[in-house]
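Only one structure is covered here, and it is reproduced in the block below.
Only the coordinates and a few stated rules stand behind these numbers; no lab work does. What you are looking at is a predicted structure, and each value in this text was computed from that prediction instead of being measured. Heads up, the Cβs are rebuilt from the backbone with ideal geometry, glycines too, and the neighbour counts pull from every protein chain shown.
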Amino acid sequence: MKIYLFLNFLIDFLTKNCIMLVMEEKHLKVKDGCLAFLLGFAFSQTAVLIFTLIAMSIGSIANKNISSIQNFLNNSFGYFLTVLVLDATLLAVFFFFNKKKNNYIISKPKPYKILMYLAIGILAFFYLYPIVASLDKLFLTWGAKLTEIPYTLTTKNYIISIFSLALLPAVCEELLFRGLILKSLKNYGKVFSIVVSALMFALFHASFQQLIYPILMGLLLGVIMYNENNIIYCMVVHFINNFLSITISYFNINLGFNHFSFYIYAVLLLVAFLTVVLYFILKNSKQQKQKLQGEDKKFLSISFSIMLVVWIVVNVINILG
């Protein structure tokens, strides 16, 4: 009861004191979503590159060697600044495509729903963790390099990581993918918009290791956004997912198994998860009369082709490197 009252007070405070983000759905087109998808990736990576060059230039002026500059960029604070630059760029892309809009995508969330989606986020994480762990084991067997946090998770670094790897991505990525890209695809139906936005979300991560999991989470988050039309709930699920991942790493908790049956267990969980999510995707999904138009087909084909090429190049470089 105390938690519920505190959440209600916090929501009232934020609602009265924060500016609501807005979006007018009828003015969003597939073209907007595709351009936001491509520009979000291109600008964010360019911004990170520029930030790295600036850091190296400042380090050079201060007579620092390259290794010390790289150590700074790979420590918790340097990594936080890098992620801040990346996510700030995504936020800028979101606002660029949403200027002069007047329909809310954020409304006052209900405390009981926040608690409900916190529970769903926790359940989804532990539900999907065996699937991710089994894939990681396969990647290691194949000799692939796994994406990891580039610094040791001390208590200080753990707190910083909650902001850089949990809070910032939960806000900025959700605004771009569920708040803008999914909305731009809604004219073609619930199934189409949720599945395509989930695929875009996965390609955006540009990682062979991080392909299946973002698709699964993208499907879940798409269902939430489509049914609630309030991105706060998506942010809650996204945040708790990343938070639990960081926390498990911090406490060095091993939830994996080494027995072959673990892979069978992971496959069964994957089938069950997809069954449940697809049920909610198809539930109340009306037959759409509008077919995918020629111009929209062109933008979707171009955007997916470009990102697929980028995805392949990045992963080939990582494997060879």
With a cut-off of at most 13 other beta carbons within 10 Å, and DSSP calling the residue loop, which trypsin sites (Lys or Arg not before Pro) in the stretch 77-137 qualify? Please list them.
LYS99, LYS100
Most exposed first, judged by fewest Cβ atoms within 10 angstrom, GLU228, GLU295, GLU148 run GLU148, GLU295, GLU228
Please tell me the relative contact order of the stretch 19-303 in percent, rounded to the nearest whole number, where contacts are Cα pairs under 8 Å and at least six residues apart.
29
Convex hull of the stretch 180-320 built on C-alpha atoms - directionally averaged projected area, nm²
10.7
What are the extents of the Cα atoms of the chain along their three principal axes, listed from largest to smallest and rounded to whole Å?
61, 50, 49
GLN70 versus LEU282: modelled label distance in nm, points set 7 Å from Cα along the beta carbon direction:
5.1
Once R0 is set to 56 Å, what does the formula 1/(1 + (r/R0)^6) return for the Cβ-Cβ distance between LYS156 and GLN293, expressed as a FRET efficiency to the nearest 0.05?
0.60
Mean Cβ neighbour count within 10 Å, used as a protection proxy, ranking 306-314, 87-95, 171-179, 117-125 highest first:
171-179, 87-95, 117-125, 306-314
Within the chain, helix-based [θ] at 222 nm, where runs of 4 or more DSSP H residues each add -39,500 (n - 2.57), nearest 500
-24000 deg cm²/dmol
